[in-house]
Every structure is written in C-alpha cells, then in structure tokens.
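Undergrad: For reference, the structure I am asking about is given below.
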C-alpha cells in the first residue's frame, strides 16, 4: 500500500510537469532580466508652473552629440521650492529607453553642479536660473548596463 502511494504521487508529479509544459506554461526557476540596450533623448519640453509647451528638437553634431537650443525667459528666479515651481525655464528631458520590455527603465540625470541650474532626477527636469550658458547632461542607465546618452543644452 505504501509503495502504491509513492508511485502514484510520482506519477502525478511527472504528469503535471508534462501537462504544464505541453500547454505552454513554463516553470521559471531563474527570473529573467532584460537590460537596457539604448537610451535616446530627442526632445526637450518647457515644463513648469502648470505651463507646458515649447518643444525643442535635438540636432546631432559631427561628434554624435545631440544639441538643443533653448531661449531663456527673463526674470528673477530663486532656488527655493516655490521659485522652482514657477520658473518658466524648467526643461523636461523627453527620453526613451529601449527595448520597450526592459525590466528596469530607470535612469540618472547627471550634470555638473552649478549655481545657474538645478537638476531634478525624479522628474527628469533641469531648471535654469540664469543665462546664457551651456549645460552638458548625461542620461545614464540605472540597471547596470552602463549605457548613456550625452546631450548639450544651449541657453541663450
């Protein structure tokens, strides 16, 4: 009787594995992770204080770096929270991560620290406080694939 129960349990286990595989369900013992293959930033949008608009297209130079030219809107702007919200010179980086099914699509926005602009990684924005200047920005992958997109923003 004990032998029959053990054989029956074994047969049910083997049968269930066969049925699961036959119908296309697969047991995934190792979780699959899809890394980022490319990061691309083609546009920058003026985005601040509830106002949006003015999309700027990037042009690729001879070195392969994308350049964006943005007009500075004059005014006195501060670095405090309220001043950043109302600054019309807040620029949102419109980037895309490839492939679309990448497991982790998070990126880091890296720019030299400056008193002339503020970088916000969570919103992917750069708020410009003074002009004219140029900002070298690197959009870097955070999933360990060591990818990056370098852009240059010219403020006039």
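Undergrad: Only residues that are surrounded by fewer than 19 Cβ atoms within 10 Å (Cβ to Cβ) and in contact with a strand residue (DSSP E or B) (Cβ under 7 Å, 6 or more places away or on another chain): list them for segment 95-108, please.
TA: 95, 96, 98, 105, 108
Undergrad: Is one or more of the residues making up segment 52-67 in contact with a helix residue (DSSP H, G or I) (Cβ under 8 Å, 6 or more places away or on another chain), part of a strand (DSSP E or B) and surrounded by 12 or more Cβ atoms within 10 Å (Cβ to Cβ)?
TA: Scanning segment 52-67 turns up no residue that is in contact with a helix residue (DSSP H, G or I) (Cβ under 8 Å, 6 or more places away or on another chain), part of a strand (DSSP E or B) and surrounded by 12 or more Cβ atoms within 10 Å (Cβ to Cβ).
Undergrad: May I pose another question? Which of the numbered conditions does residue 111 fail, given that it passes all the others? Conditions: (1) over 15 Å from residue 155 (Cα atoms); (2) at pLDDT 85 or above.
TA: (1)
Undergrad: Residues to consider are 77, 35; find the one that is modelled with pLDDT of 85 or more, surrounded by 13 or more Cβ atoms within 10 Å (Cβ to Cβ) and assigned to a loop (DSSP other than H, G, I, E, B).
TA: None of the other options fit; the residue is 35.
Undergrad: Within segment 79-106, which residues are within 15 Å of residue 117 (Cβ to Cβ) and touching a residue at least 24 places away in the same chain (Cβ under 8 Å)?
TA: Scanning segment 79-106 gives 79, 84, 87, 88, 89, 90, 91, 92, 93.
Undergrad: With respect to residue 123, is the statement that it is closer than 30 Å to residue 33 by Cβ and surrounded by 14 or more Cβ atoms within 10 Å (Cβ to Cβ) true?
TA: So residue 123 does not fit the description; no.
Undergrad: If you go through segment 121-156, how many residues are free of Cβ contacts under 8 Å to residues at least 24 places away in the same chain, farther than 20 Å from residue 76 by Cβ and in contact with a strand residue (DSSP E or B) (Cβ under 7 Å, 6 or more places away or on another chain)?
TA: So the answer is 2.
The values are calculated or read from the model by the stated rules, or taken from the named source; none is laboratory data. Quick caveat: nothing in here was measured; it's all calculated off a predicted structure. All Cβ positions, glycine included, derive from the backbone under ideal geometry; neighbour counts span all protein chains shown.
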